[in-house]
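Only the coordinates and a few stated rules stand behind these numbers; no lab work does. Keep in mind it's a predicted model, so treat the numbers as computed, not measured. Backbone-built Cβ (ideal geometry, glycine too); neighbour counts: all protein chains shown.
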Protein chains: 4
Amino acid sequence: MIAILKHGTTPQQTAHLVAWLKHQNLDVHISEGAEVTVLGLIGDTSRVDMELLSSLEIVESVKRVSEPFKQANRKFHPKDTIIQVGDARIGGGYFAMIAGPCSVESEEQIIEVARAVKESGANILRGGAFKPRTSPYAFQGMKDAGIKLLLEAKREVGLPIVTEIMNISTLDLFADVDVIQVGARNMQNFDLLKELGKTNKPILLKRGLANTLQELLMSAEYIMSEGNENVILCERGIRTFETATRNTLDLSAVSVLHELSHLPVVVDPSHATGKARLVPPMACAAAAAGADGIMVEVHNNPSCALCDGAQSLTPPQFDELCHRVRKIQEALQ
Amino acid sequence: MIAILKHGTTPQQTAHLVAWLKHQNLDVHISEGAEVTVLGLIGDTSRVDMELLSSLEIVESVKRVSEPFKQANRKFHPKDTIIQVGDARIGGGYFAMIAGPCSVESEEQIIEVARAVKESGANILRGGAFKPRTSPYAFQGMKDAGIKLLLEAKREVGLPIVTEIMNISTLDLFADVDVIQVGARNMQNFDLLKELGKTNKPILLKRGLANTLQELLMSAEYIMSEGNENVILCERGIRTFETATRNTLDLSAVSVLHELSHLPVVVDPSHATGKARLVPPMACAAAAAGADGIMVEVHNNPSCALCDGAQSLTPPQFDELCHRVRKIQEALQ
Amino acid sequence: MIAILKHGTTPQQTAHLVAWLKHQNLDVHISEGAEVTVLGLIGDTSRVDMELLSSLEIVESVKRVSEPFKQANRKFHPKDTIIQVGDARIGGGYFAMIAGPCSVESEEQIIEVARAVKESGANILRGGAFKPRTSPYAFQGMKDAGIKLLLEAKREVGLPIVTEIMNISTLDLFADVDVIQVGARNMQNFDLLKELGKTNKPILLKRGLANTLQELLMSAEYIMSEGNENVILCERGIRTFETATRNTLDLSAVSVLHELSHLPVVVDPSHATGKARLVPPMACAAAAAGADGIMVEVHNNPSCALCDGAQSLTPPQFDELCHRVRKIQEALQ
Amino acid sequence: MIAILKHGTTPQQTAHLVAWLKHQNLDVHISEGAEVTVLGLIGDTSRVDMELLSSLEIVESVKRVSEPFKQANRKFHPKDTIIQVGDARIGGGYFAMIAGPCSVESEEQIIEVARAVKESGANILRGGAFKPRTSPYAFQGMKDAGIKLLLEAKREVGLPIVTEIMNISTLDLFADVDVIQVGARNMQNFDLLKELGKTNKPILLKRGLANTLQELLMSAEYIMSEGNENVILCERGIRTFETATRNTLDLSAVSVLHELSHLPVVVDPSHATGKARLVPPMACAAAAAGADGIMVEVHNNPSCALCDGAQSLTPPQFDELCHRVRKIQEALQ
């Protein structure tokens, strides 16, 4: 970590600051230039409060040289992490196709969709039981009953399952769930992250709508620092001024995260775009950008013609998408 | 709620949709125009899933005519809500001056700051005990011990206190806290909001970094729909592309929220700007914009010259700010 | 266009508004519902000032049913536009590979790069002669001399060229340029767009950093409404809060623009990401998302080892990229 | 300027870079730390291409210690610039009240509004003659005729005038205009800025919708570097995700710009909010935040009840606003 001191800082002020930094178990290398004095901080700078340091009156700016995350950092773990989920693997060349309905609605629905997506090539089943909704008056999911139906589908169809947790008090319900999802709104619910860090379940951590990639990695670090290294990162769109899509899918996140971290990165084009017809091109783009998996919404409700336009694909649309994604992966090998 | 159907929608499709809407206990008024068909939905549309409706293939767009929030809505509650906090009142012409340190650090610190800010005119003491931090390695607050020190300061100095909750499992510790704060990162932690809705404590609800004003009001609605109507809204800056300030303080939020809702609105210029020298002008601007209160960080640490530049004001700076804010309020009467 | 009137609007106010709209040569279809009155405006609504209409006191909101652009609109021109540039074609299944240095620096440089990219498969040469720079003290390009060198390279190597115009007074210099580029900062320089609309040159129109896709199409409409229908749209990243990349490449723009418009869409991953190592994955993703071309920076300066890290690819890196993009295109056929 | 080199940079690479920097007339101070090597660049770093330097493979990051603008920089010009406009002054304690209609529509209209706003205390008249519009089909202003009417109002009423230029070819028409406005969309139309720098007219430079404050100052620098030091900066809202207001007014810009620059800063709440009822509170907030002036839209069209809801204030509303702004200014003295 480098701290650049303001022009006009007195030797006493510098000495005072250096003493304070050394008190935090850091070595300090002082370099006095013509215009500025630069302090090089050596040691475990991940514990330095960068914001406080920046705000000091004599400090022009602070610059991290090493990233503030350690366990998620590729520098200290050069090899890709591969996460095992049932028979599926994610990362290090293994690609996960995660599919299923937005919400679990009934036994018939979830099993039918599970069968269809498995046949098309999905290797993990998704489905929402606890649903975070902007409005308290909107459907909040089937909750416990939804999880039971997912487990039923898992047994029947033989796919591992991923579903979202909103509250640590419900953790017991997730005992047989294969991957626990942390939604975008909870990406910085730090107490939840810490508790999930004490489990040994794979955690699918979605990027928050207004969170930087570094913040996403710091949230992964919250989980990992408690002992659970099975974190799957998920890009699902960020909030921008553009209104043509629900969010703006940031596909460069895939490469940036792969550079900075050894953790696998999956992409969710369904929530990012909010429109079924944009899902296939964005899923293909994610595969071409090097993602370790994609997560798409698929529903199967032939009796309800009304739902055709939703952000979910129909099973035949998903089947065609799987086919295209596989061809892109072959092309890139 | 208005649903505009696409050109080319067949009568059968329209009839199908109308039947589905009526099944949801809505009356539907159909207006067929030359170019489009418009459905007017009448009844309790706050329960309609607007996103699902928008995503249907035959729907061009959906437009709410009435807002999706009810208890927070000024239409149904025209008079300003006034919230009593100890001897202080917020809203309806009562202005709250909330001040105190970012973090509680010691008994001496919190009592000294409390005395100073009370003398300058603050009527509520703030102080962080549980601190949400981006990094798991950063100081996470004094936690239980911090709350005890705040209560000590409350007894000694006679100011009501506000402090942040991060996790519903710690609620018991807040029994004697006057106002419970929900931080920006937890604005959409819906399970937390619901639990706080079952208490009768005033809740200070901070706007999330990437949340619209309507989403803020929907989160207030989560609290209010459980029975707790004592919600104080707080604008604290949103995330934008500008990097000269930590966040961009959106002062037009004050007027917009006052139009839409009867709830009081306070402004936190310390977290928004991240720089002490920007706090006084933004606090004055907030008062001139019609805010019901401001919340500023004040610390008192003469032994540590290093902290001078932080986003906190010193007690003399806060004293001068109080003086200026009072003069602006007089000017606007 | 639909105008929704506020609850409580009097019949006189409605009649007044209807008269004003009819005065603008619009037919108005009035639908009075229980909660709201909806006006359906029929006729050439592209000339209606939507902002003024929205701001009227009795108007709750205004919603376009038809888009405000006509000549760029796919509804009125269902077939993809194919633009001929020298021997190359863009759109309707023809893919353009546009490559070259950020700035033209010397005859040797531009000809060497032109030869290299042509050999790898580029069919259009790019190169900056007039350079928009944030700072008045930064290198502003070789200007006239740069254009002469580009024309020299065109003759020598046989590739059509694209280069940026900043000021209509320099138009004469572009007589032999094949495609004129309008940069992101000039996307809403409406006088420039109108003048370019009077030429018959293909125009490569880059999306502004903070402009919506609809605004991009309105700027295309400025060019087309003057008679020049040869517009190529270019997504090059938008400004967001994320700082890991220079801008955020919005690849869903490709599909959204293809839905709304018949014009070809190319993607510039070099300016969007600002980092050479992110260019290949984003270029592949753009191809997989269905772009009609990509535009990448390539330089060839073996004597200056310093430049290796810039956002430009080296010729061998570009050659490999071309190979991968072709394989993706084959996979998607 | 500080350049931090990557861990692992070889002495040869460092020497190569240092030679290249020295070739650009910079002195280089090398400081080798345990983890990183820091180069301190001394000399006229405003000409260094920071982006190029950052992109070099061996460079971890580059940090400016001195700002890249010189003539706009308060460091080199500590006293506030005061700009004389007719009888009015802006900056250094002088407050400008700029008012008038969005567009000039007729002689009667502009003179009536000019009289009204002068009586209420406005000291500069605004009015649009050339109007940048998103759509080519929208009203583009009265152009030459509009400027003539403004000059007529100037003569009749005795207020200096400000109006927008869109194209340098129309400069002759502005000979008797007192202040030339550069709109948000042209903030980085660098050729226009340079030409205006060759005049001696005061220039009102509006911040672009997606431009940082540093970029605004760099655009001011474009004008000033050509010899014209009479630049008035204008904050008019930035584009964010929030849709409750047209743009997000960034009032902290006032303080930040005053810190960085000696130039006066005015605020335009009309365009920022897009709603008349939000203009008075935001204008008061701007005054309280320390702005050197405000610019508001006022129209006077009693025959057209339809326009009541526009973003413009009526003369009586403007009169009341002037009264409140004066009281805030007195309060702050």
Please check: in the Gaussian network model of chain D (C-alpha springs, under 10 Å), which one of D:ALA283, D:ALA184, D:ALA175 has the largest mean-square fluctuation. D:ALA175
Between helix D:315-332 and chain D, what is the angle of the helix's C-alpha long axis to the longest principal axis, kept within 0 to 90° and rounded to the nearest 10? 50
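Given charges of +1 on the Cβ of Lys and Arg and -1 on the Cβ of Asp and Glu, with all other atoms neutral, how large is the dipole of the range B:2-63 about its Cα centre, in debye to the nearest 20? Could the numbers behind the result be given before it?
Working: 4 positive and 8 negative charges, 16 e Å.
Dipole size: approximately 80 debye.
Based on the Cβ-Cβ distance of C:GLU226 and D:GLU226, what FRET efficiency does E = 1/(1 + (r/R0)^6) give at R0 = 25 Å, to the nearest 0.05?
Step by step, r from the Cβ atoms, then E = 0.20.
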Distances from C:PRO11 to the same residue in each other copy, label points 7 Å out along Cα→Cβ, in nm, shortest first? 3.2, 9.1, 9.6
Helix-only [θ] at 222 nm, the protein assembly as shown, -39500 (n - 2.57) per DSSP H run of 4+, per residue, nearest 500, equals -10000 deg cm²/dmol
Using the Cα gyration tensor of the range D:214-286, with a ≥ b ≥ c the square roots of its eigenvalues, what is the shape: rounded (a/c below 1.5), prolate (a/b larger than b/c) or oblate (neither)? prolate
Quick check: from the Cα gyration tensor, does the range B:74-332 come out rounded (a/c under 1.5), prolate or oblate? rounded
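Give me the net charge of C:ILE90's neighbourhood, meaning all other residues with Cβ under 15 Å from the Cβ of C:ILE90; Lys, Arg count +1, Asp, Glu -1. Write down the numbers at each step before the final one.
Values: positive: C:LYS79, C:ARG89, C:ARG126, C:LYS201, C:LYS206; negative: C:ASP80, C:ASP87, C:ASP178, C:GLU229, C:GLU235, C:ASP268, C:ASP292.
Once positives and negatives cancel, what remains is -2.
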Where along chain D is the Cβ that lies nearest the axis linking it to chain A, and how many Å separate them? D:SER31, 2
Within 10 Å of each Cβ in peptide B:209-216, how many partner chain Cβ atoms are there on average? Round it to a whole number, please. 6
Here the whole-number average of other chain Cβ atoms within 10 Å per Cβ of A:253-260 is 4
Could you work out how far helix A:11-23 tilts from the main Cα principal axis of chain A, as a 0 to 90 degree angle to the nearest 10? 50
Mind checking the alpha-carbon convex hull of the protein assembly as shown and giving the volume per residue in Å³? 159
Picking from D:HIS271, D:HIS29, D:HIS323, which is most flexible by a Gaussian network model of chain D using Cα springs under 10 Å? D:HIS29
Expressed in nanometres to one decimal, the distance between label points 7 Å along Cα→Cβ at D:THR10 and C:SER106 is 2.4
Distances in nm, one decimal, shortest first, from C:GLU320 to the same residue in every other copy, taking the label point 7 angstrom along Cα→Cβ. 3.5, 6.0, 6.8
Using alpha-carbon coordinates, inclination of helix B:213-224 to the longest axis of chain B, degrees: 80
If each K or R counts +1 and each D or E counts -1, the residues other than C:LEU171 whose Cβ falls under 13 Å of its Cβ total -4
Using a label position 7 Å from Cα in the Cα→Cβ direction, what is the ascending list of nm distances from B:GLY93 to the same site in the other copies? 3.7, 7.5, 7.6
Normalised by the number of residues in chain D, what is the relative contact order in percent for Cα pairs under 8 Å and 6+ residues apart? 15
Computed FRET efficiency, Cβ-Cβ of C:HIS323 and A:LYS22, R0 41 Å: what is it to the nearest 0.05? 0.15
Sequence of A:LEU217, A:LEU53 once ranked by neighbouring C-beta atoms within 10 Å, starting from the fewest: A:LEU53, A:LEU217
Proximal lysines relative to B:LYS63, as straight alpha-carbon distance under 24 Å, when same-chain residues fewer than 8 apart are discounted: A:LYS131, A:LYS275, B:LYS6, B:LYS22, B:LYS75, C:LYS6, C:LYS63, C:LYS75, D:LYS275
Mind telling me which of C:ASP80, C:ASP268, C:ASP44 comes out most flexible in a GNM of chain C, alpha-carbon contacts under 10 Å? C:ASP44
With a cut-off of 8 Å between alpha carbons and a minimum separation of six or more residues, what is the relative contact order of the range D:2-63 in percent? 46
Suppose each label sits 7 Å from its Cα in the direction of the beta carbon; what would the B:GLU330-B:ILE30 distance come out to in nanometres? 6.7
Chain D - charge dipole about Cα centre, Lys and Arg +1 at Cβ, Asp and Glu -1, debye rounded to 20: 200
Quantify how strongly other chains surround peptide C:14-24 by giving the mean number of their Cβ atoms within 10 Å of each of its Cβ atoms. 1
